[in-house]
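Input: a single structure, listed below in C-alpha cells.
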Amino acid sequence: MKVDEIIKAQDLPIKDFDGIIIGGGGSGMRASLQLAESGLNTAVISKVFPTRSHTVSAQGGITCAIQSDDPEDDWRWHMFDTVKGSDYIGDQDAIEYMCSEGPKAVFELEHMGMPFSRTEEGRIYQRPFGGQSKDYGKGGQASRTCAAADRTGHSLLHTLYQANLKAGTNFLNEWFAIDLVLNSEDEVTGVVAFEIESGEIFYIRSKATVLATGGAGRIYASTTNALINSGDGIGMALRAGLPVQDIEMWQFHPTGIYGHGTLVTEGCRGEGGYLINKDGERFMERYAPNTKDLASRDVVSRAMAKEILEGRGCGPNEDHIMLRLDHLGPGVVHKRLPGVTELSKTFAHVDPAVEPIPVVPTCHYMMGGVPTNIHGQVITIKNGADSVVNGLYAAGEVACVSVHGGNRLGGNSLLDLVVFGRAAGISIEKSLKQGANLKPSSNEDIEQALSRLNKLNASQGGKETDELKKEMQNNMQNNFGVFRREDLMEKGIQDLGNSREAVENIYLSDKSASFNTARIEALEMQNLFEVAEATAITANERKESRGAHARDDYTERDDDNWLKHSIYFSSTKTVSKRDVNFRPTTVQAFQPSERAY
Amino acid sequence: MSATIPLEEVKTLTLNIYRFDPGKDEKAYMQDIEIEVPVNKDLMVLDALLIAKEKDTSLSFRRSCGEGVCGSDGMNINGKNGLACVTPLSEAVKRDKLVLKPMPGLPVVRDLIVDMKQFFDQLEKVKPYLITKDEDPEQERMQSPEEREELDGLYECILCGCCSTACPSFWWNPDKFLGPAALLQSWRFIADSRDQATEERLDDLDDAFSLYRCHGIMNCVSVCPKGLNPTEAISNIRKKLINRKG
C-alpha cells in the first residue's frame, strides 16, 4: 500500500507496538529510552534521522542545580527563577518537578556518556545564563547552566541516540506521521504514517502514543528554527479535537544573526558578552540595571526592538544590534564558544574574537503547546474541567506542561526535554503494567486519519505550498511579532481565515511515491497553518502584556483577568481560560509580584 | 534560509543537478535548472536549491537545520563532498557552473538523496555508546578538563556521511571496511576516560578489513565540514593495536 494512492482503511497494513514516540529529538528519545530499557516494544517514528532533529541546534546548555559551580546551589532557587521568568503563568507543580528531578536527569545523561565540559575538580562545567539568580533573587547572578562547550544540544541528542541503540529501541527513521487515530471513546490508539523512502503506508497501532514533535518556528518568516520545525504534533492534536494552551506565547531570542536567523547562544552573554547600539552604548544597563544583558529573553528582545524603533539600530539601515565578544579575548571566545565562532564566520563573515556580531530578536521557541500533566498525559477540557486523554502523551516543545509559562529561561528547554520525556516514559511503563486497555479503532476512525492525505492525492489544482507558506510567514512576522496590537492582529486573523480553504485543499502537482518531499512539505504546511491560526486568535484574545506577549494597546500585566492559561480549540476557534497551578507539594507557592531584572 | 531575499539586482545561475525518480526514470540524468540569485549577497548552495525547488517542486534533497549542525544535506558539490547549507556559492561555483550530485558510493534513492543504511550499519558495528562496568555513581563521573579535551575533534561529528562517501576504500568495501565516520566514533569512545571497553573495541577492529583498509588517502579530512580528522583517529587506533601486540 503506497502513499500515492487513494487509500481505504480496510486495506491498510498494521504494525503493532507497546509504545510509539512521534519525533526523534531530545524528549522523544528520552521517552523511548525509558520504555526500551523497561523491556517494552518501543518505536520512534521520526521524519528525519534522529540526530537531524532540532535539539541538535541547542547551544548554551541545560540549566540545573547540580551544585558544581556553587555547592550551596538549591533547586528551589532555580524554581523561583523559572516561575518569575514565566511571568507567573508557569504551573508550579510542574516547575517544582522539573527543578527537583533535574539533577537526576542530568547525571543520567553524563552516565550515558554525554561529553560535558569540565571544571578543574572534574565536575560538569556550569555557566551563567539569563534570568538566573541565587537565594530567590537576592544573592546575585548564578552559574547554573551545564554545558558541553556551546554544542550542548548536539552532545545531548547524539548521546541519547547512542543510548537508544544500546537499549534496542526500534527506529522508524524517515517516516512521516499524518494523523492520530482516535477510537469512539476519543482515546488515541496510534497513528497513520508512511515510510518516506518507499512510500509504504501503515496504521501503527500502539497502547501508548507520545507526541514529541518539537516546535513550529517556521510559522514566522525569520526564525532560528530548522526547516523541519512545522508543528506536526500541534496540527495532529488540533485536528483530533484536542486543545492547545498558551499558544500565543512565542519567544523571540535576542541574538539571531542579522539577515540569516541562525542562533548564537545566550551563553555569549553568559561568558561576558554584551549588546551595543549604534552609539556604542551598552543599552541594557538602562532597561535592566541589575542583570543587564542577562535579563530574561523577553526583556532583552523588547529592549533591542525598542532601540531599533527609536533610531539607535546599527548598520546603514539602523535595523540591528551588535553583540560584542572581542573584549573577552580569543582564548575564551574560541575555547568556550567554538560553535558560535564557526557560525559567525559562516553567516556574518566576522570572527567574534575580533569584531562584533550583528544580531536581531528572532523567533525561537513556542512556550505553548498541547497541555499535559506532570506525567506527560495529554489533557483536554470537558465541561470546563481537566480530563486525561487515554493513550496520548506529549513531551518537549510540543507540550505545555507548563514549565515556561509566558517566557522560557535559557537552558530550561533541554531540561524540560529530558525530565518530561523521562516522566512520560515512566508513566507509560506504569500504566501498561497495570494493563491499560484501549478500545480498538474502527475502519471509520482510521479513515478519518487518512482523509487529508487522500484529499492531497486527489488534488487537481489550486495554490501550492510555497505560495501559501510565504503568505502565512509574512503575515505572522508582520502582525504577531515582538510587539502586537489589535488592528494589525485582526487583519492578520482575517488573512489567515481567507487562506484556510486553500490550505485544506492544497495542490500537490508531483504525486510520486518515493521520497517525495513536496508531499511532506504540503502536509507540514497544513500543520504550520493550524499553529499560526491558533497563535493569531489567542494572541488577540489575551488583552494584556505578559512574558513574551507584549501589546501596544494593553501594556500592563492584568492578573485580575489573565493570571490564566489560554486554551484554544480549532473546531470552534474559541479561547477559554484554565487555572494556573499554584500548588507545589514541597515548597510554598511563589506569588506574582512585579518582574524586575 | 534568509527570510526575504532582496531581488533588486539579480543574475542568472545555472544549476546542473543529478535527477532520478525511481517511480518514472529508467536511468539517472543531469538537468539544468536556471535560477536568479542576488548580485550583492552570497547565498549558500542550500538557498540555491530551495529557489530551484520552488521552480520544480519534484526536486528532492534532505535539509533541516540550515546551519551545518544536523548533517542532513551532505552532497557532492562541483566534485567535492560538503554540506549545502554552509557552502557559499562564491566558493562553490566554478566558471559559472554549479554541478550537484548525490554523495558517491551509496545507492541513490532519488535525486540528491542517497540510501545511508550501509553507512549507519557500519557505525553501529563500532558500538557507538559508552560502555562501563562499574556501577554508576550517584552524581556525575569525574573527568578532568585534560581528559575531556581528548574528545575534542571527535564528539563534534554530525554523521553527514561526507567523509565515508569520499573514501575509495569505503567505495570498494562498504560492507567490510567501517569507513572514516564509524572509526572516528570508535576512537571517540576509546579515547574517553570513562569508557571501560577498550580491549573489546580493539578486538572487534583487529581484522584485515574493518580498520586496516584505510590507506591514508585523507579524502575524509579534506571534505569534513566540521574540520575533523578521521585519518588521525584511525592512526591512533592503529597505534593502540600495535602497542597491545608489542
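The values are calculated or read from the model by the stated rules, or taken from the named source; none is laboratory data. None of these values were measured; they are calculated from a predicted model. All Cβ positions, even for glycine, are placed from backbone atoms using ideal geometry, and neighbour counts span all protein chains on display. The accessibility values were calculated without ligands, DNA or RNA, using every heavy atom of the protein model including side chains. Shrake-Rupley method; radii C 1.70, N 1.55, O 1.52, S 1.80 Å.
Assorted remarks:
- If the condition is being part of a helix (DSSP H, G or I) and over 20 Å from A:Arg144 (Cα atoms), then the stretch A:47-56 contributes A:Pro50, A:Thr51, A:Arg52, A:His54, A:Val56.
- Number of positions in the stretch A:205-226 that are surrounded by fewer than 24 Cβ atoms within 10 Å (Cβ to Cβ) and closer than 30 Å to B:Val108 by Cα: 0
- Of all residues in the stretch B:69-88, those being crowded, with 18+ Cβ neighbours inside 10 Å and either of a type in the set (Asp, Glu) or outside any strand (DSSP E or B) (or both) number 10.
- Selection of first residues in the stretch A:508-519 that are at the interface with chain B (Cβ under 7 Å from one of its Cβ atoms) and of second residues that are open to solvent by 20 Å² or more (accessible area, probe 1.4 Å) and among the β-branched types (Val, Ile, Thr), restricted to Cβ pairs under 7 Å at least 6 apart or on distinct chains, gives the following pairs, ordered by first then second residue: A:Ser509/B:Thr57; A:Asp510/B:Thr57; A:Ala518/B:Thr57.
- Matching residues, the stretch A:1-38, being in a loop (DSSP other than H, G, I, E, B), within 29 Å of the chain's Cα centre (by Cα) and over 27 Å from A:Ile228 (Cα atoms): A:Ser38
- Any hit, the stretch B:39-50, residues being open to solvent by 30 Å² or more (accessible area, probe 1.4 Å), under 23 Å from the mean Cα position of the chain (by Cα) and closer than 19 Å to A:Ser222 by Cα: yes
- Meets criteria (more than 24 Å from the chain's Cα centre (by Cα), outside any loop (DSSP other than H, G, I, E, B) and at negative phi) for B:Ile242: yes
- Taking each residue of the stretch A:143-166 that is at the interface with chain B (Cβ under 9 Å from one of its Cβ atoms) and at positive phi and looking for partners that are in a loop (DSSP other than H, G, I, E, B) and open to solvent by 10 Å² or more (accessible area, probe 1.4 Å) with beta-carbon atoms closer than 8 Å, six or more apart or interchain, yields A:Ala149/A:Ser117.
- Yes/no for A:Ile381 being β-branched (Val, Ile, Thr), within 28 Å of A:Phe590 (Cα to Cα) and in contact with a strand residue (DSSP E or B) (Cβ under 9 Å, 6 or more places away or on another chain): yes
- Answer from A:Ser413, A:Ser431 - the residue that is open to solvent by 20 Å² or more (accessible area, probe 1.4 Å), of a type outside the set (Val, Ile, Thr), within 30 Å of A:Ile95 (Cα to Cα) and under 24 Å from the mean Cα position of the chain (by Cα): A:Ser413
- For the stretch B:10-18, the count of residues that are in contact (Cβ under 8 Å) with a residue 12 or more places away in the chain, in contact with a Ser or Thr (Cβ under 6 Å, 6 or more places away or on another chain) and not β-branched (Val, Ile, Thr) is zero.
- Total residues in the stretch A:339-357, condition assigned to a loop (DSSP other than H, G, I, E, B) and open to solvent by 20 Å² or more (accessible area, probe 1.4 Å): 5
- Subset of the stretch A:65-117 [within 14 Å of chain B (Cβ to nearest Cβ), of a type in the set (S, T, N, Q) and open to solvent by 30 Å² or more (accessible area, probe 1.4 Å)]: A:Gln67
- Restricting attention to the stretch B:8-24, the residues being part of a loop (DSSP other than H, G, I, E, B) and open to solvent by 30 Å² or more (accessible area, probe 1.4 Å) number 6.
- The listed residues are A:Glu197, A:Glu187, and the only one of them that is within 8 Å of chain B (Cβ to nearest Cβ) and farther than 30 Å from A:Trp250 by Cβ turns out to be A:Glu197.
Residue by residue, here is whether (1) more than 20 Å from A:Trp250 (Cα to Cα); (2) assigned to a helix (DSSP H, G or I) holds:
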| position | (1), (2) |
| --- | --- |
| A:Leu488 | no, yes |
| A:Ile493 | no, yes |
| A:Ala518 | yes, yes |
| A:Ser566 | no, no |
| A:Ser571 | yes, no |
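- Test: residue in the stretch B:148-158 that is open to solvent by 20 Å² or more (accessible area, probe 1.4 Å) and either away from chain A (no Cβ under 11 Å) or polar (S, T, N, Q) (or both): no
- Condition broken by B:Gly161, with the remaining ones in (1) within 11 Å of chain A (Cβ to nearest Cβ); (2) open to solvent by 10 Å² or more (accessible area, probe 1.4 Å); (3) of a type in the set (Gly, Ala, Ser) satisfied: (2)
- Evaluation of B:Gln196 against (1) touching a Lys or Arg at 6+ places or on another chain (Cβ under 6 Å); (2) at the interface with another protein chain (Cβ under 8 Å from one of its Cβ atoms) (one fails), failing number: (2)
- Number of the exception - A:Arg542 against (1) out of contact with any strand residue (DSSP E or B) (no Cβ under 8 Å at 6 or more places or on another chain); (2) surrounded by 21 or more Cβ atoms within 10 Å (Cβ to Cβ); (3) charged (D, E, K, R): (1)
- Restricting attention to the stretch A:16-64, the residues being β-branched (Val, Ile, Thr), closer than 14 Å to A:Leu156 by Cβ and open to solvent by less than 10 Å² (accessible area, probe 1.4 Å) number 4.
- Test set (1) at pLDDT below 95; (2) in contact with a Lys or Arg (Cβ under 9 Å, 6 or more places away or on another chain) - B:Leu59 fails condition number: (1)
- The residue of the stretch A:358-378 that is farthest from A:Gly261 (Cα to Cα), among those that are touching a Ser or Thr at 6+ places or on another chain (Cβ under 6 Å) and open to solvent by 10 Å² or more (accessible area, probe 1.4 Å), is A:His375.
- Here B:Leu98, B:Leu123 are screened, and the one residue that is more than 8 Å from every other protein chain (Cβ to nearest Cβ), part of a helix (DSSP H, G or I) and open to solvent by less than 40 Å² (accessible area, probe 1.4 Å) is B:Leu123.
Results for (1) touching a Cys at 6+ places or on another chain (Cβ under 7 Å); (2) away from chain B (no Cβ under 14 Å); (3) open to solvent by less than 10 Å² (accessible area, probe 1.4 Å); (4) at positive phi, shown as yes or no for each residue.
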{"residue": "A:Ala237", "(1), (2), (3), (4)": "no, yes, yes, no"}
{"residue": "A:Asp246", "(1), (2), (3), (4)": "yes, yes, yes, yes"}
{"residue": "A:Phe252", "(1), (2), (3), (4)": "yes, no, no, no"}
{"residue": "A:Glu271", "(1), (2), (3), (4)": "no, yes, no, no"}
{"residue": "A:Glu281", "(1), (2), (3), (4)": "no, yes, no, no"}
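- Within the stretch B:52-72, considering residues that are without any contact (Cβ under 8 Å) to a residue 40 or more places away in the chain and of a type outside the set (S, T, N, Q), the one farthest from the other protein chains (Cβ to nearest Cβ): B:Ala52
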